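See structure below.
The values are calculated or read from the model by the stated rules, or taken from the named source; none is laboratory data. A quick note: this is a predicted structure, and the numbers were derived from the prediction, not measured. Every residue, glycine among them, receives a Cβ derived from its backbone with ideal geometry; neighbour counts consider all protein chains shown.
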Amino acid sequence: MFGDIMGMMGKLKETQAKVEETKKQLDHVLIDEQSSDGLLKLTLTANRTIKTIEVDPELMQDKEQLEDYLILTLNRAIDRATAMQEAELAAVAKEGMPNIPGMDLFK
């Protein structure tokens with residue numbers, strides 16, 4: 001019985017290390033997003049760090065429009081990054097979880 005528990009603990013530690021490594025790798029996965037008309041373009045990592053923002057000069061003439069574009073485009077990009085991050089981390093976690101009867105956490 002203790003062997004099983006020790007084995008599970010080892011597997012959990014290994015999975016935790018894999019999750020941390022995956023988080024580091026997601027810093028290098030870039031997500032590009034742009035407004036529907038292409039006047040605003042941005043890039044962020046799958047860990048939701050903004051890398052670039054390109055604003056067409058036309059948008060610089062209207063502060064409110066620029067703010068609206070930033071909010072909409074950033075929210076779309078963040079949603080995509082979050083979904084990617086969650087999928088990657090869930091895959092790593094599922095792969096590394098010990099088989100505990102009655103505890104299928106990832107159906």
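Key figures for this structure:
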{"item": "Residues satisfying the stated conditions in the stretch 1-55, i.e. within 21 Å of GLU95 (Cβ to Cβ) and in contact with a strand residue (DSSP E or B) (Cβ under 9 Å, 6 or more places away or on another chain)", "result": "LEU26, ASP27, HIS28, VAL29, ALA46"}
{"item": "Output for the stretch 67-85, where each listed residue is surrounded by 11 or more Cβ atoms within 10 Å (Cβ to Cβ) and either among the β-branched types (Val, Ile, Thr) or touching a Cys at 6+ places or on another chain (Cβ under 7 Å) (or both)", "result": "THR73, ILE78, THR82"}
{"item": "The one condition in (1) among the charged types (D, E, K, R); (2) under 10 Å from the mean Cα position of the chain (by Cα); (3) modelled with pLDDT of 95 or more that LYS63 fails to fulfil", "result": "(2)"}
{"item": "Residue in the stretch 1-21 that is hydroxyl-bearing (Ser, Thr, Tyr) and in contact with a Leu (Cβ under 7 Å, 6 or more places away or on another chain) present", "result": "no"}
{"item": "Selected residue [of a type in the set (Asp, Glu), loosely packed, with under 12 Cβ neighbours inside 10 Å and within 30 Å of MET9 (Cα to Cα)] from GLU88, GLU64, GLU95", "result": "GLU95"}
{"item": "In the stretch 9-37, the residues that are of a type in the set (Lys, Arg) and touching a residue at least 40 places away in the same chain (Cβ under 8 Å)", "result": "LYS11, LYS18, LYS23"}
